[in-house]
1. So Ala60 fits all but one of (1) surrounded by fewer than 14 Cβ atoms within 10 Å (Cβ to Cβ); (2) in contact (Cβ under 8 Å) with a residue 24 or more places away in the chain; what number is the exception?
2. Tell me the residue from Ser67, Ser18, Ser34, Ser49 that is under 15 Å from Trp122 (Cβ atoms) and outside the structural domain of Pro102 (by TED's automatic domain parsing), please.
3. Within the group Val12, Val96, Val16, which residue is under 15 Å from the mean Cα position of the chain (by Cα) and farther than 29 Å from Leu130 by Cα?
4. Which of the residues belonging to region 81-100 are touching a strand residue (DSSP E or B) at 6+ places or on another chain (Cβ under 6 Å) and over 23 Å from Leu10 (Cα atoms)?
5. Take the residues in region 19-30 that are among the charged types (D, E, K, R) and in a helix (DSSP H, G or I), then tell me which one is farthest from the chain's Cα centre (by Cα).
6. Which condition number in (1) of a type outside the set (A, V, I, L, M); (2) farther than 19 Å from Ala115 by Cβ; (3) out of contact with any Phe, Trp or Tyr (no Cβ under 8 Å at 6 or more places or on another chain); (4) surrounded by 15 or more Cβ atoms within 10 Å (Cβ to Cβ) is the one that Thr19 fails?
Amino acid sequence: MEQRLTIVGLGVSDLVTSTSFYEEAFGWKKLPSSNESITFFQLNGILLSLYPREKLAEDATVSHEGSGFKGVTLAHNTRSEEEVDQLINRLESKGVTVVKRPEKVFWGGYSSYIADPDGHLWEIAYNPYLPLDSKGNV
C-alpha cells in the first residue's frame with residue numbers, strides 16, 4: 001500500500017453545526033461537492049469530510065456509541081510560537097473550546113489543543129523540527 005492519506009473523515013452529531021464551526025471559527029470554505037448529507041473541505045493535499053456519526057458508523061459496520069478519547073488527534077502546525085498564540089486567541093474569541101493553553105512541550109515545540117463541537121481534538125502547534133513550506137506542507 002502506498003503511503004498516502006486522501007481523506008480524514010469525522011463523524012459528527014450535527015452536520016450543520018459542525019460545518020458552521022469549520023467555516024466560521026476556522027474560516028474554511030466547503031467544496032462545491034458538499035451537500036446536505038456530507039461536507040468536504042480541501043486542505044493542503046487531503047480532504048476533511050464531515051459526515052453524520054451514526055451513518056459513518058453504519059457504513060463501517062460498527063456501533064456509533066462511545067465516548068472519551070479515541071486515540072486520535074488532528075494537527076495544524078504553524079510557523080512560530082507567536083502564530084500559535086495568535087491563532088488560539090482568535091479561535092477562543094469565536095467561542096472555540098481551548099482544551100490546553102499554549103505551552104512549551106517536552107518534545108521541544110510549543111502547542112495547544114482545541115476541541116470542535118464533537119470533541120475532536122485539534123493540536124495547534126509550532127514544531128521547530130518540521131518546517132513548513134510556502135503551501136503549509138511539512
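1. Against the list (1) surrounded by fewer than 14 Cβ atoms within 10 Å (Cβ to Cβ); (2) in contact (Cβ under 8 Å) with a residue 24 or more places away in the chain, Ala60 comes up short only on (2).
2. Being under 15 Å from Trp122 (Cβ atoms) and outside the structural domain of Pro102 (by TED's automatic domain parsing) holds for just one of Ser67, Ser18, Ser34, Ser49, which is Ser18.
3. Every option except Val12 fails the conditions.
4. The answer is Glu81, Val84, Asp85.
5. Here the answer is Glu24.
6. The single condition Thr19 does not satisfy is (2).
The values are calculated or read from the model by the stated rules, or taken from the named source; none is laboratory data. Bear in mind that the values here come from a model prediction, so they are computed numbers and not experimental data. Cβ: placed from backbone, ideal geometry, glycine included. Neighbour counts: every protein chain shown.
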